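Here is the structure we will look at, set down as structure tokens.
The values are calculated or read from the model by the stated rules, or taken from the named source; none is laboratory data. Quick caveat: nothing in here was measured; it's all calculated off a predicted structure. Note that each Cβ is placed from the backbone with ideal geometry, even for glycine, and that neighbours are counted across all protein chains shown. For the accessible areas, the whole protein counts, side chains as well, though only heavy atoms, and no ligand, DNA or RNA atoms are used. Shrake-Rupley method; radii C 1.70, N 1.55, O 1.52, S 1.80 Å.
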Amino acid sequence: MTQNPNDSRLLTPGPLTTSQKTKLAMLHDWGSRDTEFIEINRRFRKQLLEMASAEPTHVCVPMQGSGTFIVEAVLGSLIPPEGKALILINGAYGRRMTKMMDYLKREYLVHETPEDTVPILTQLDSTLARDSKISHVLVVHCETTSGILNPIDEIANIVARHARSLLIDAMSAFGAIPLEANQIRFDAVMASSNKCLEGIPGMGFALIRKDALERSKGNAHSLSLDLYDQWKNMETTSQWRFTPPTHVIVAFDKALQQFHEEGGVIGRNKRYVENCRILIDGMSRLGFETLLPPQLQAPIIITFKMPEDPKFDFSDFYERVKEKGFVLYPGKLTVAPSFRIGCIGHLFEDDMHQALGAIEKTMGEMGVASGKPSSN
Ligand SMILES: *Cc1c(COP(=O)(O)O)cnc(C)c1O
């Protein structure tokens, strides 16, 4: 059994459906100084580095909290008060980094494109050439707002050519879309326990280039979000500085074991690609259209345009699909009215087919003949 039969399946950007094994790992209490618990911490940090071929150039520093906490911790720790960031924005998570920079009172520029458009590489190149003060470039790998896959390798090449520091929010891609430190030059990549790695929420982590982290001493604006301090403490004592999220960590360890059993990044990618294909095919048969063309679509979350039929009311649709056991996600796009269906988490082909069945049945109940959007 993979799930509790009465739990909804979460077709969302997170929190996500986790396996029964992962949930069961949490039925114990752990002391933070317990030797087995310390070993689990050592093990997951090493595995995350290996996943990105980032050993020995980078180190893994975890941080309590949701994904946003680790992103803010990385920006606050690595960008010095006199630094300047260029933020590539094509959705809410890129925009959120500007808010963090406002709180940090650190200087930044933005390069913003619509939610269905990747950054314009020639502009990135010319901006870096023009402004030598820019020390860091911030980008989101898969912008979960739309599900768009940003061209991380080309962006990394340009940033490396200009010898600037690249910080990647790979929250919704890490573990399912390859990102290899020996091919893509980055100073930090941020992700969390709960997205493609299928742990439970409550912890983020960053893979940080060792010399960049060494140089970051004294940058942080915040004690609890100081990654330099978190790292130094872990290296010297094997302990977290403050109470570790013990249950999240043991569940994560169990989730990583299943990740490896599935074939690592390649295996996970394969399942999500298949989930994504089934969803898009099935939804297209019902008349729905995706926002993104296939070449920009990451196999993480899919944005569908709102149907034209006035009988289609999204909140009614959402509630009816939820009653049938599937949680969808509203859109938050400015380019088009839309909603989203995720294909990550502990979900398989069968789950996708059943979700499509629930959607088709719901459309019947609502008297909506087709999911076709209006043509403008
Ligand atoms: C989920 C996500 C985050 C973190 O969001 P939280 O709600 O804080 O966990 C950050 N960036 C991206 C791209 C995400 O998908």
Check: Most fluctuating residue of GLU112, GLU198, GLU82 in a GNM of the chain with Cα springs under 10 Å: which is it?
Finding: GLU82
Item checked: Virtual spin-label span in nm between GLU112 and ARG33, 7 Å along Cα→Cβ -> 5.1
Next item on the list: Using only the alpha carbons, work out the radius of gyration and Dmax of the range 191-243 in angstrom.
Entry: 12.4, 34
Checklist line | Nearest-0.05 FRET efficiency for HIS353 and LYS21, computed from C-beta distance (R0 22 Å) | finding: 0.40
Next item on the list: Mind pulling the angle between the C-alpha long axis of helix 349-366 and the longest principal axis of the chain? Nearest 10 degrees, somewhere in 0 to 90.
Entry: 50
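Out of every Cα-Cα pair in the range 29-247, what percent are more than 28 Å apart?
Working: 5563 of 23871 pairs.
For the range 29-247, the fraction of Cα-Cα distances above 28 Å is 23 percent.
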Margin query: If the elastic network links every pair of Cα atoms under 10 Å, which of ASP34, ASP187, ASP125 fluctuates the most in the Gaussian network model of the chain?
Written below: ASP34
Margin query: Between HIS353, HIS28, HIS136, where does the largest GNM mean-square fluctuation fall for the chain, given springs only between Cα atoms within less than 10 Å?
Written below: HIS28
Check: Relative to the longest principal axis of the chain, what angle (0 to 90°, nearest 10) does the C-alpha long axis of helix 121-130 take?
Finding: 30
Notebook entry, point to check: So what are the three principal axis dimensions of the range 78-151 from its Cα atoms, in whole Å, longest to shortest?
Noted result: 33, 27, 17
Notebook entry, point to check: Once the Cβ-Cβ distance between SER374 and ASN4 is put in as r, and R0 is 35 Å, what FRET efficiency do you end up with, to the nearest 0.05?
Noted result: 0.30
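Just how many % of Cα pairs in the chain lie over 35 Å apart, if you round to the nearest whole percent?
Numbers: 18396 of 70500 pairs.
Tail fraction, whole percent: 26.
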Margin query: Taking the 0 to 90 degree range and rounding to the nearest ten, how far is the long axis of helix 227-237 tilted relative to the main principal axis of the chain, both from C-alpha atoms?
Written below: 70
Note to self: Pairs of alpha-carbon atoms within less than 8 angstrom and 6+ residues apart define the contacts here; what relative contact order does the chain have, in percent?
What the structure shows: 24
Item checked: the chain, helix-only ellipticity at 222 nm - DSSP H runs n ≥ 4, -39,500 (n - 2.57), divided by all residues, nearest 500 -> -12500 deg cm²/dmol
Notebook entry, point to check: Heavy-atom accessible area of PHE69 with all protein chains present, probe 1.4 Å, nearest 10 Å²?
Noted result: 100
Next item on the list: Before anything else, pin down the relative contact order of the range 29-247: Cα pairs under 8 Å, at least 6 apart, normalised by residue count, whole percent.
Entry: 29
Notebook entry, point to check: When the chain is fully extended, how far beyond the present Cα-Cα distance does GLU214 get from ALA129, taking 0.36 nm per residue of separation?
Noted result: 27.9 nm
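Expressed in nm to one decimal, what extension gain is obtained for the pair LYS105 and ASP281 from 0.36 nm per residue of sequence separation less their Cα-Cα distance? Show your work: numbers first, answer last.
Working: separation 176, 0.36 × 176 = 63.36 nm, distance 4.62 nm.
Working it through step by step, the gained length comes to 58.7 nm.
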Notebook entry, point to check: How do LEU223, LEU197 stack up against each other in accessible area, from largest to smallest, with a 1.4 angstrom probe?
Noted result: LEU223, LEU197
